[in-house]
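Only one structure is covered here, and it is reproduced in the block below.
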C-alpha cells in the first residue's frame, strides 16, 4: 500500500475510533461550592455559617452597560449553601440544563427563624420551589468556571439512557414536583413531595442506573440526627432557636441514637464538590475507570465512560404515580409564603 494511502487509512481509522466518544450522549452533575463551606460539626456552627453565607456571601462580576461600556459590581453569591445542577446532552444537543431551587426569599426564612419561633426543622420542610432556567445557569456558569467554583462529574451514556432521562424529566414536571423545593430528606422518585437540588440531581443517576451506593454513599452523603429540642412543631416551640445560636454562641450537638430525634440522610453538594477535586488530584481512590479533565484553568472535572451501562428496564415510577401521570393529576402544591 502506498504511504499516502496508508496515512489516509490510519487517520480514517482513528477518526472512526474516536467519533463515538466525541458525540456520545452525556449526563453531568455540576457541583458548586459555597462561599465558605458550611460547618456541620454542630447545629450552632451550621446555623452561623449558613446565615453568614446568605447575608454576606458576595461575588464580583462585570456588568454590560451597553455601547461597549462595562462596570464591575458585587452581587449576592448565587449558591450560598452550595448547589448541584444537572446537564443532559443527547445527540450533541443540550436537552436539560437546570437544577431545583427554593423560591422562598431569604428574608422569609430569616423572618420565620427570628420572629415566628421556627428552628432547624426548616431543613426538612417543603417550600415553594422551581427549576432554575437554562439561561440563568448559562449566565453564571462561565464566571463560576473561570474561578474554579464549579466542578463537573460527567458520565458518557449508553445509547438508550437519554430517552429514559428525558421521559423522567417530562414526568417530573407533569406531576408538578418542580413546584416544591424539598427538605434534606426528600426523595423525588418516591413522588411524595419536592426535591432539593442534590436529591434532584442524584435522581437522574438513579434513573439511568448509574448510582452505586457502595461507591458514593460514604463520600457524598451525610447522616445526622436532629435533636427534638431544635424542632418547632404545631404544639410546641423548639427549646433552642436562632437567637441561641447567633447571639449566645450556643453550639449544641447532634442527637445520640437513644435521644429523641429526627433522622436526616441527604446528599451534600459541598462534599460532592470536594470529592470531585480529590479524585481529580488523585488524593482518594475511586473504584471506577475515569479520566480527569479541566474546563478552563481552574474548574476540575472527572469523566466516566458508562456507555456499556444499559439503563434499567423497569418503570421509573410505581403504579400509582404512573396513573397520576396518565390522568394529568398534579402532586405539586402551590405553597403560599408564610
Cα long-axis angle, helix 43-56 against the chain (0 to 90 degrees, to the nearest 10): 70
Ignoring everything except DSSP H segments at least 4 long, calculate the 222 nm mean residue ellipticity for the chain; use -39,500 (n - 2.57) per segment, divide by total residues, nearest 500. -11000 deg cm²/dmol
Say a paramagnetic label sat at a point 7 Å from the Cα of residue 160, along Cα to Cβ; which residues of region 201-216 have their backbone N under 17 Å from it? 206-211
Give the Cα extents of region 253-293 along the principal axes, in whole Å, largest first. 45, 18, 14
Protection-proxy order for peptides 55-66, 236-247, each taking the mean of Cβ atoms within 10 Å per residue, highest first: 236-247, 55-66
Given a Förster distance of 30 angstrom, what is the FRET efficiency for residue 72 paired with residue 298, based on the Cβ-Cβ distance and rounded to 0.05? 0.95
How large is the Rg to Rh ratio of region 172-213 when both quantities use alpha carbon positions and Rh follows Kirkwood? 0.96
Just to confirm my numbers, what's the Cα centroid distance between region 235-259 and region 159-227 in Å? 29
Within the chain, the percent of DSSP beta bridges that are antiparallel, given to the nearest 5, stands at 90
Could you give the semi-axes, largest first, of the ellipsoid that matches region 81-233, computed as the square roots of 5 times the alpha carbon gyration tensor eigenvalues and rounded to whole Å? 29, 18, 16
Any chance you could give the angle, 0 to 90 degrees and rounded to 10, that helix 197-208 forms with the longest Cα principal axis of the chain? 40
Using the Kirkwood radius over Cα pairs, work out the Stokes-Einstein diffusion coefficient for region 148-299 at 20 °C and 1.002 mPa s, in µm²/s as a whole number. 117
Mind checking Rg over Rh on region 126-194, alpha carbons, Kirkwood formula for Rh? 1.03
In degrees rounded to 10, the 0-90 angle between helix 106-115 Cα long axis and the longest Cα principal axis of the chain is 20
Rounded to the nearest 0.05, FRET efficiency between residue 234 and residue 122 (Cβ-Cβ, R0 22 Å) equals 0.90
Arrange the peptides 151-158, 212-219, 265-272 so that the one whose residues have, on average, the most other Cβ atoms within 10 Å appears first. 151-158, 265-272, 212-219
Here the alpha-carbon Rg of region 30-81 over 2.2 N^0.38 Å rounds to 1.50
To the nearest µm²/s, what D does Stokes-Einstein give for region 236-338 at 4 °C and 1.567 mPa s, using the Kirkwood radius over alpha carbon pairs as Rh? 64
Quick check on packing: order 227-235, 93-101, 198-206 by the mean number of other C-beta atoms within 10 Å, highest mean leading. 198-206, 93-101, 227-235
Using only alpha-carbon positions, what ratio does the radius of gyration of the chain give when scaled by 2.2 N^0.38 Å? 1.11
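Every number here is computed from the coordinates shown, using simple stated rules; none is lab data. Given the structure is predicted, the values throughout are model-derived calculations rather than measurements. Quick reminder, even Gly has a Cβ in these numbers, built from the backbone with ideal geometry, and neighbours come from all protein chains shown.
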